[in-house]
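Notes follow once the structure below has been shown.
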Amino acid sequence: MDKNLLDDFLLQLKAAVGDAHVITHASDVEPYLVDEERRYQGHALCVVRPANTAEVSRVLALCYEAGIAVVPQGGNTGLCGGATPVTDTDAIVLALGRMNKIRSVDPLNNTMAVDAGCVLAAIQAAAAAADRLFPMSLGSEGSCQIGGNIATNAGGTAVLRYGPMRDLVLGIEAVLPDGRVIDAMRALRKDNTGYALKHLFIGSEGTLGVITGAVLQLFAKPRSEAVGLAGLNDIDAALQLLHDIQGRAGHRLTNFELLSAAQYELVMALPRKPDDPLSARHPWTAIVELTDPDPAASLDDELATLLYDAMEQGVITEGILATSQAQARQIWEIRHSVTEANHRAGRSLSHDTSVPVSRIPDFVREVEQQMAERFPIARLIFVGHAGDGNIHAEVILPRDSAEVKDLEQVAARINHTISEVAVSLGGSISAEHGIGRLRRAELHAWLNPTDLELMRGIKTLFDPKGLMNPGVIV
């Protein structure tokens, strides 16, 4: 961009949001140009930090007029490079962290209105202060922002009971590329007035406009909970355990997480030595959690009975029931430590496929076979949310191997292999992480051509100049 034009453009941005909130110094801009996984490095003219929706509207209108691309960015915790600018397009990073207000809480309606820049943990805390629950829970909840969670249709550990972000959003406020504001902040559970525009923005990853606010659903706060750990001999037993607990515990089953033996071993090998509640190693380990808003619910007894019966029937080989809050936290610490453990073990490639729950065993066995045949140097582990079919196949590559010098080429081949298996079983290449830059080529390869054509048409309708988050999705 011509220097004189750039100087004039920066002055207009500063007039819109204040001098201090247009960041131009290279060292200050740098953290916004690299993704969480350190896989993508981008370029931006500046970082703009608006304080409210009106400022976002003014900034987008200026960018639209000048033909400058906009990359919305929340906590920058995504795993697909969806909030990182490209290098070949003049763009600004629109960082929404200053938009962090809880606008209102309505306990009687079980809703909360929030700014898009609110950190997820702050929303959880505000719900708890109102004696309610906002159930979205992620490993990055202390830094990820709700706008980013919505833009990627995030999942988390409690999808089994409460659904992904798409099921938790009642209303949306968003700014279109030309600065117009869509105000659909309705706290309604039934609203049959035409097309539900909010659903276009949920999962759109900033490619149609900028989410600036949302109305979220709240739920009764759990008063009783029980957490257990189960050792299993194979993946089929894990599905049997899930089926049995769902049949008897119903909606009280909130979490059912699976870790393969290789994943469990990596966590236990961390230098901080996590506590291991199990007396032996098992091919698979399940974390089971029951919750209920009734403080008198005997969930410990219920889960103990479920685990005992499963052991009697030979479904599980060991069962542990947490007897205190501290022990329950220790069990969950195992699950929350997997990312740290995997990054420590080597070059970690995360996959976000999902399949119908009944096909999980087929998915695991086929991926194991394909990886062993095509990539014997790789270490394959599994972790994830069995209750919704989202088992993450994690691939660990040695850091100093001559066979993986070209990491991107090897990663592309591995991604294709695992995606191929998921799609063949009626699954998806992305369950909760989004598409971003990482999976765009895969999306175009696997998506039905008609679906892709319609998505491109929607993109063109909302963003005719192609300025919103270039390089992402379409």
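The values are calculated or read from the model by the stated rules, or taken from the named source; none is laboratory data. Please read all numbers here as calculations on a predicted model, not as lab measurements. Virtual Cβ from ideal backbone geometry, glycine too; neighbours counted across all protein chains shown.
Considering (1) free of Cβ contacts under 8 Å to residues at least 40 places away in the same chain; (2) buried (at least 20 other Cβ atoms within 10 Å of the Cβ), say which one residue 352 fails and leave the rest.
Result: residue 352 passes all but (1).
Please count how many residues of segment 109-134 are in contact (Cβ under 8 Å) with a residue 40 or more places away in the chain, exposed (fewer than 15 other Cβ atoms within 10 Å of the Cβ) and among the hydrophobic types (A, V, I, L, M, F, W, C).
Residues that pass the stated criteria total 1.
Let's see how each residue does on (1) more than 23 Å from residue 179 (Cα to Cα); (2) out of contact with any helix residue (DSSP H, G or I) (no Cβ under 9 Å at 6 or more places or on another chain):
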residue: 9; (1), (2): no, no
residue: 22; (1), (2): no, no
residue: 27; (1), (2): yes, yes
residue: 30; (1), (2): yes, yes
residue: 33; (1), (2): yes, yes
residue: 41; (1), (2): yes, no
residue: 51; (1), (2): no, no
residue: 63; (1), (2): no, no
residue: 66; (1), (2): no, no
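Of the residues 84, 89, only one is assigned to a loop (DSSP other than H, G, I, E, B), among the β-branched types (Val, Ile, Thr) and either surrounded by fewer than 20 Cβ atoms within 10 Å (Cβ to Cβ) or touching a Pro at 6+ places or on another chain (Cβ under 9 Å) (or both); which?
On the way: 84 fails: either surrounded by fewer than 20 Cβ atoms within 10 Å (Cβ to Cβ) or touching a Pro at 6+ places or on another chain (Cβ under 9 Å) (or both).
Step by step, each of 84, 89 is checked, and only 89 is assigned to a loop (DSSP other than H, G, I, E, B), among the β-branched types (Val, Ile, Thr) and either surrounded by fewer than 20 Cβ atoms within 10 Å (Cβ to Cβ) or touching a Pro at 6+ places or on another chain (Cβ under 9 Å) (or both).
Any residue in segment 92-108 that is part of a strand (DSSP E or B) sitting within a Cβ distance under 7 Å of a residue that is of a type in the set (Lys, Arg)? List the pairs, counting only those 6 or more apart or interchain.
What qualifies is 95/49.
Within segment 276-313, track down each residue that is under 17 Å from residue 257 (Cβ atoms) and in a loop (DSSP other than H, G, I, E, B).
Passing the criteria: 276, 277, 278, 282, 283.
Anything in segment 272-312 that is of a type in the set (S, T, N, Q) and either in contact (Cβ under 8 Å) with a residue 60 or more places away in the chain or surrounded by 12 or more Cβ atoms within 10 Å (Cβ to Cβ) (or both)? List them, or say none. Full working, then the answer.
Here is the first cut: in segment 272-312, the residues of a type in the set (S, T, N, Q) are 279, 285, 291, 298, 305.
Result: 285, 291, 298, 305.
Specify which of the listed residues (431, 445) is closer than 22 Å to residue 84 by Cβ, in contact with a Pro (Cβ under 9 Å, 6 or more places away or on another chain) and of a type in the set (A, V, I, L, M). Quick ask: steps written out before the conclusion?
On the way: 445 fails: in contact with a Pro (Cβ under 9 Å, 6 or more places away or on another chain).
Checking each option against the conditions leaves just 431.
Checking residue 400 against (1) surrounded by 22 or more Cβ atoms within 10 Å (Cβ to Cβ); (2) in a loop (DSSP other than H, G, I, E, B), which single condition isn't satisfied?
Every listed condition holds for residue 400 apart from (1).
Can you confirm whether segment 229-238 contains a residue that is of a type in the set (S, T, N, Q), modelled with pLDDT of 95 or more and within 30 Å of residue 358 (Cβ to Cβ)?
First pass over segment 229-238, keeping only residues of a type in the set (S, T, N, Q): 233.
Going one step further and asking which of them are modelled with pLDDT of 95 or more, we end up with 233.
Within this subset, residues satisfying the condition of being within 30 Å of residue 358 (Cβ to Cβ) are 233.
Within segment 229-238, one or more residues are of a type in the set (S, T, N, Q), modelled with pLDDT of 95 or more and within 30 Å of residue 358 (Cβ to Cβ).
Among the candidates 20, 26, 16, which residue alone is out of contact with any Ser or Thr (no Cβ under 8 Å at 6 or more places or on another chain) and surrounded by 12 or more Cβ atoms within 10 Å (Cβ to Cβ)?
The unique qualifying residue is 16.
I need every pair where a residue in segment 411-427 that is on the phi > 0 side of the Ramachandran plot has its Cβ under 8 Å from the Cβ of a residue that is part of a helix (DSSP H, G or I), sequence separation at least 6 or different chains.
Correct list of pairs: 426/359.
Just checking: which of the strands (runs of 3 or more DSSP E) contained wholly in segment 165-271 hold 2 or more residues that are more than 25 Å from the chain's Cα centre (by Cα), surrounded by 14 or more Cβ atoms within 10 Å (Cβ to Cβ) and not assigned by TED's automatic domain parsing to the domain that holds residue 154?
So the answer is 224-232.
Can you find, within segment 403-453, the residue that is modelled with the lowest pLDDT among those that are in contact with a Ser or Thr (Cβ under 7 Å, 6 or more places away or on another chain), in a helix (DSSP H, G or I) and within 25 Å of residue 138 (Cβ to Cβ)?
442
Cβ-Cβ under 8 Å, sequence separation 6+ or interchain: first residue in segment 39-66 and of a type in the set (Asp, Glu), partner assigned to a helix (DSSP H, G or I) and modelled with pLDDT of 95 or more. Which pairs?
55/16; 55/17
Of all residues in segment 23-41, count the ones that are polar (S, T, N, Q) and either more than 19 Å from residue 437 (Cα to Cα) or in a loop (DSSP other than H, G, I, E, B) (or both). Steps first, answer last, please.
Within segment 23-41, the subset polar (S, T, N, Q) is 24, 27, 41.
Pick out the ones that are also either more than 19 Å from residue 437 (Cα to Cα) or in a loop (DSSP other than H, G, I, E, B) (or both) and you get 24, 27.
Looking only at that region, the number is 2.
Would a scan of segment 146-153 turn up a residue that is modelled with pLDDT of 95 or more and surrounded by fewer than 21 Cβ atoms within 10 Å (Cβ to Cβ)? Walk me through it before giving the result.
Applying the first criterion (modelled with pLDDT of 95 or more) to segment 146-153 yields 146-153.
Subset that is surrounded by fewer than 21 Cβ atoms within 10 Å (Cβ to Cβ): none.
No, there is no match, as no residue in segment 146-153 is modelled with pLDDT of 95 or more and surrounded by fewer than 21 Cβ atoms within 10 Å (Cβ to Cβ).
Looking at segment 115-136, which of its residues are closer than 22 Å to residue 184 by Cα and under 19 Å from the mean Cα position of the chain (by Cα)?
Answer for segment 115-136, where residues must be closer than 22 Å to residue 184 by Cα and under 19 Å from the mean Cα position of the chain (by Cα): 115, 116, 117, 118, 119, 120, 123, 134, 136.
So if I check each of 16, 44, 20, 54, which one is of a type in the set (A, V, I, L, M) and either in the same structural domain as residue 181 (by TED's automatic domain parsing) or assigned to a loop (DSSP other than H, G, I, E, B) (or both)?
From the options 16, 44, 20, 54, the qualifying one is 44.
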